[in-house]
Structures are given as structure tokens and as C-alpha cells.
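Visitor: Here's a structure for you.
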Amino acid sequence: MAGIVLIGLQWGDEGKGKISAYLSRGAGLAVRFNGGANAGHTVTIGDKELRLHLLPAGVVSCRRAAIGPGVYLDLPTLVEEINRVQENIGDIELTISPRAHVVLKLHKELDRYLEEIRGGKIGTTMRGIGPAAMYKYGRIGVRFGDMLEDENLEDRLIKIAKYIELKNKNINFHDEYVELRLIIEKVRKYVGNVTRLIKNELSQGRTVIFEGAQGTMLDLDYGTYPYVTSSTTLASAAAHGSGVSLKDINEIVGVLKAYTTRVGEGPLPTEISGELADEIRARGKEYGATTGRPRRIGWLDLFQLRYAAELNGVDKLIITRLDTISGIERLKVCIGYKIDGTKINEYPETVAKLRRVSPIYIELNGWQTLNREEIDRILLNGYEELPRNAKQYIELIEEILGIPIKWISLGPRIEDVIEK
Ligand code: IMP
């Protein structure tokens with residue numbers, strides 16, 4: 001039996017969706033345990049691209065999914081997504097924890113309002129995640145299970161809106177209530193005990209993939225606060241957010257992209273701009289899967305990744321997008337940070353400090369453009385077929401992080417992965 005946690009080690013968008021679909025082949029269950037519809041996981045099946053926000057992307061491979069208590073549910077998005085997935089891949093089995101909190105329209109409204117009054121913008125996805133978390137921790141949230149049973153839902157919706165004075169009171173709670181009532185009947189059949197389901201899978205010797213959303217640097221406590229999301233995005237959240245014990249986790253797999261991206265505001269020490277950034281963005285289709293915003297681009301940051309790998313306790317690594325940076329003559333890799341000319345040993349804990357760092361780079365030679373034909377040949381023959389400089393890039397990461405890279409992703413399709 002194996003509980004495998006998949007975690008993004010950067011600012012999200014490392015390609016976890018596709019990797020989860022790859023690792024979920026033959027698994028018993030794929031689980032979402034954090035975040036909400038702010039996440040956007042893209043999987044390519046044949047010539048179809050599926051963009052998932054709430055269902056774990058692993059469901060496209062194992063067809064069984066669970067959504068744990070740690071997830072913020074956007075019910076209209078979920079229903080649309082279930083339909084879309086079933087149209088594309090056929091029936092799926094889904095279990096949703098009654099403990100998961102529901103995102104309401106007022107949360108999205110508040111998301112907009114808070115961005116306005118916050119001063120410094122965070123650049124949220126406007127999916128209502130921060131306010132839904134405020135309501136959850138303020139103990140006035142609406143949980144999925146309560147909603148299924150609550151006869152006084154409309155009154156409750158109106159009451160909880162009073163918790164925070166809304167600037168734009170243009171929400172019609174009656175309309176939302178009517179909409180939710182219709183949705184409730186569509187999703188009622190999915191409610192179930194996620195903890196028990198996972199425990200049963202594991203005790204029957206099947207693999208469970210815990211699919212993290214967002215990335216380590218967006219973690220509420222350990223990321224670049226306040227430019228973070230309102231969830232715990234570390235591997236430790238897999239246990240808490242799905243109701244299993246830490247002992248049920250056997251392996252922690254970290255996903256990193258061959259370069260860095262960030263969507264939204266906040267520090268990105270290795271950020272680059274200009275022609276090269278535009279080229280990488282275009283080649284990698286680096287636009288937010290949820291909002292369509294262009295992602296900011298940066299060089300690979302091994303100082304940041306060492307921090308992330310340690311926080312998560314990563315056992316194995318997967319690198320994605322090695323193909324996207326092929327054809328670039330010289331590549332920079334950050335191996336440390338300096339502040340006022342002095343090398344620092346620990347990742348800065350505040351944004352003010354992070355804004356003062358200058359990255360220490362080493363430069364490596366790049367490798368030739370990997371076109372589809374080239375990639376197919378590598379996929380067929382394995383790691384040794386990779387260009388020598390690409391292997392050097394991989395081996396440098398392994399050496400500095402002290403963690404093996406077990407898989408290398410070279411394209412958008414689930415099967416575009418080689419094992420090392
Ligand atoms: P929120 O999670 O919508 O509140 O947004 C907070 C920050 O996290 C913003 O900078 C978002 O762009 C970023 N963010 C949230 N979810 C994701 C994701 O799945 N991938 C990448 N960035 C994300």
C-alpha cells in the first residue's frame with residue numbers, strides 16, 4: 001500500500017495535474033485535500049485538453065476521486081466539471097467530505113472588496129478562497145454536509161453576510177439560495193466519509209495519490225506572505241486536509257518546473273523580463289489556467305527549491321518542462337541569495353527582506369531545441385538519449401538538493417514522461 005503525496009515546490013503551475021494523471025495510472029484513488037477552484041490543473045488526453053479546478057486531475061487515469069475536508073468547494077464549478085469529465089472520459093466515482101466548506105457568492109464579492117482595501121494587491125484569482133477561509137476560521141462558514149441537511153439555508157446565508165459589512169451589497173441571497181437548492185440535489189449523492197475511503201484503499205494494498213494544489217511558496221505560513229493563498233500547501237496538509245494520519249503517507253514527491261513562474265503579485269527573486277521571458281511564456285503557454293493572466297517568468301531557483309524541499313520532506317523529484325527551455329543558448333541557475341553583498345543561509349521570512357535579495361547565479365550551456373520527433377525518440381529510448389547538457393542540468397539539481405529526480409516530463413501528454 002502506498003499513500004503518495006504530490007506537491008508543487010514553486011509558486012504553483014509546476015505541472016502537477018499532468019503528473020498526477022501519470023502517477024495515478026493503476027492507483028485506487030486520487031484525492032484533493034487543499035485549495036479550491038483557484039487551482040487550475042491541465043491534463044491532455046489525446047488531442048483534448050481538460051482543465052480541472054476541483055476534481056483531482058488523477059481522476060482521468062484512475063476514475064475514482066475524493067475531495068477532502070481541506071478543500072473549498074465551489075459547487076457550480078464542481079457540477080460543470082463533473083459533467084465535462086464524464087463527457088470526455090466516461091463515468092467517475094466521486095466522494096466529497098461533508099466537512100468541506102462551501103464558497104458562496106459573497107466570498108467572491110469580498111475577495112474583490114479586500115483586494116481594493118488591502119492597499120498592496122495580492123492578485124488573487126477572485127475565486128473567494130481567502131474570504132471562505134476567513135469564514136471557516138471565524139466559525140461561521142457553511143459546510144457541504146450542513147448545507148445538505150440545513151432547512152434554513154436561506155436565513156443562514158443572509159445571517160452570515162452580516163459578519164462583514166459588504167461594500168457592494170449587490171448579492172441576491174434568494175437567487176443564490178435557489179441556485180444552491182438545485183445544485184444540492186445534483187451533488188447529494190457524492191457525500192461520504194473520505195477518511196474511511198482512503199483508509200480502506202490503503203489497507204487493501206492500493207495506491208492513493210494525494211494531489212496538492214498551488215505550490216509551496218504560496219503556503220499561508222511558509223510562503224511569501226501576504227502574497228500567498230489561504231491554504232496550507234505543504235505535504236503535511238495532505239494528512240490534515242483529507243483526514244488521514246501522517247503514518248498513512250509513505251512517500252512525498254516534489255514537482256518542479258525547469259524554470260520558475262509566478263502568477264499574481266509578490267516577490268520573485270529570479271524574475272526575468274524582455275524577449276527571453278516572452279519567448280518562454282509563449283512556448284510554455286504560461287498563462288494562468290484559472291484566470292488566463294500571463295505568468296511571470298524566472299530562472300530556476302535552487303535556493304528557493306532547497307527551502308521548499310526541506311519544508312515538505314521531499315523523497316523524490318519530478319522535473320517538468322525540460323522541453324520548454326530547450327534551444328536557449330545559456331541558462332542561469334540561482335544557487336544562493338545575497339543581501340547587501342553578504343550571502344545568506346536561510347530563506348528570508350519576510351517579503352521586505354526578500355525584496356532586498358540578489359540571486360547568485362551560475363551559468364550553464366543549454367541544449368538543442370527538442371522538437372516532437374526528438375522527444376518521441378527520447379521517450380522511446382530513455383534518459384540516456386537526453387542531450388548531454390540537459391542531463392547536466394538535471395544532475396546539478398540533484399546534487400544541490402540532494403534528492404533524486406525520478407521522472408522527467410517532456411511534453412503535455414500524460415505519457416510524455418521518462419523514468420530515470
Ligand atoms: P487566491 O488563492 O485566489 O487567494 O490567490 C492568492 C495568490 O495565489 C495569487 O497570487 C494567485 O495568483 C495565486 N494562486 C492561487 N491558486 C493558484 C494556482 O493554482 N496556481 C498558481 N497560483 C495560484
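The values are calculated or read from the model by the stated rules, or taken from the named source; none is laboratory data. Keep in mind that this is a model prediction, so the values were computed, not measured. Neighbour counts are summed over all protein chains in view; Cβ atoms, including those assigned to glycine, are modelled from backbone coordinates with ideal geometry. Quick note on the areas: whole protein, heavy atoms, side chains included, nothing else; ligands and nucleic acids left out. Shrake-Rupley method; radii C 1.70, N 1.55, O 1.52, S 1.80 Å.
Visitor: Report, largest value first, the span of the C-alpha coordinates of the stretch 241-363 along each principal axis, in whole Å.
Guide: 47, 36, 27
Visitor: Now for a different question. Aspartates and glutamates near K108 by alpha-carbon distance under 15 Å, same-chain residues fewer than 8 away left out - which ones?
Guide: D74, E116, E165, E176
Visitor: Suppose a student asked you for the relative contact order of the stretch 256-419, using Cα pairs under 8 Å spaced at least 6 residues apart; what percent would you report?
Guide: Computed value for the stretch 256-419: 25 percent relative contact order.
Visitor: What is the gain in length, in nm to one decimal, between D91 and D150 on full extension, counting 0.36 nm per residue of separation less the C-alpha to C-alpha distance?
Guide: Going from the current span to full extension adds 18.3 nm.
Visitor: What distance in nm lies between label points placed 7 Å from Cα along the C-beta direction at I184 and Q368?
Guide: The modelled label-to-label distance comes out at 6.4 nm.
Visitor: Divide, for the stretch 179-245, the radius of gyration over alpha carbons by 2.2 N^0.38 Å, where N is the residue count.
Guide: 1.45
Visitor: On full extension of the chain, what length is gained from Q392 through T350, given 0.36 nm per residue of separation minus the C-alpha to C-alpha distance?
Guide: 11.8 nm
Visitor: Express in nm, to one decimal, how much length is gained between E49 and K121 on full extension, taking 0.36 nm for each residue of separation and deducting their alpha carbon distance.
Guide: Computed gain between E49 and K121 is 22.8 nm.
Visitor: OK, next. Let me know the charge dipole size of the stretch 256-419 about its Cα centre in debye, to the nearest 20, where only the beta-carbon of Lys, Arg (+1) and Asp, Glu (-1) is charged.
Guide: That gives the stretch 256-419 a dipole magnitude of about 540 debye.
Visitor: Given an 8 Å cut-off on Cα distances and at least 6 residues of separation, report the relative contact order of the stretch 136-255 as a percent.
Guide: After rounding, I find 15 percent.
Visitor: So how far apart, in nm, are the two label points at R377 and D221 if each is 7 Å from Cα heading toward Cβ?
Guide: About 5.0 nm, to one decimal.
Visitor: Moving to a separate point now. List the relative contact order of the chain as a percent without decimals, with contacts defined as Cα pairs under 8 Å and 6+ residues apart.
Guide: It comes to 21 percent, rounded to a whole number.
Visitor: Using a 1.4 Å probe on the protein chains only, how many percent of the accessible area of the chain belongs to carbon and sulfur?
Guide: For the chain, the apolar C and S fraction of the accessible surface comes to 47 percent.
Visitor: Okay, next question. Would you mind getting the accessible area per residue of the chain, heavy atoms of the protein chains only, 1.4 Å probe, in Å²?
Guide: With the other protein chains kept in place, the chain gives 42 Å² per residue.
Visitor: Cα to Cα, under 20 Å, and not fewer than 8 places away if on the same chain: which lysines meet these conditions relative to K420?
Guide: Answer for K420, where 20 Å is the Cα cut-off: K16, K18, K257, K316, K391, K406, listed by chain and number.
Visitor: For the stretch 31-77, report the translational diffusion coefficient in µm²/s to the nearest whole number, using Stokes-Einstein at 20 °C, 1.002 mPa s, and a Kirkwood Rh over Cα pairs.
Guide: In µm²/s, the coefficient rounds to 194.
Visitor: Tell me the angle of helix 105-117 to the major Cα principal axis of the chain, expressed in degrees between 0 and 90 and rounded to the nearest ten.
Guide: Computed tilt is about 60 degrees.
Visitor: Something else now. For the chain, what number results from the quotient of the Cα radius of gyration and 2.2 N^0.38 Å?
Guide: Compared with the compact-globule rule of thumb, the chain sits at 0.98.
Visitor: Reachable lysines from K343, Cα under 21 Å, same-chain residues fewer than 8 places away excluded?
Guide: Here the lysines satisfying the reach criterion relative to K343 are K332, K353.
Visitor: Any idea what angle helix 194-203 forms with the longest principal axis of the chain, computed on alpha-carbon atoms, 0 to 90 degrees, nearest 10?
Guide: 50 degrees
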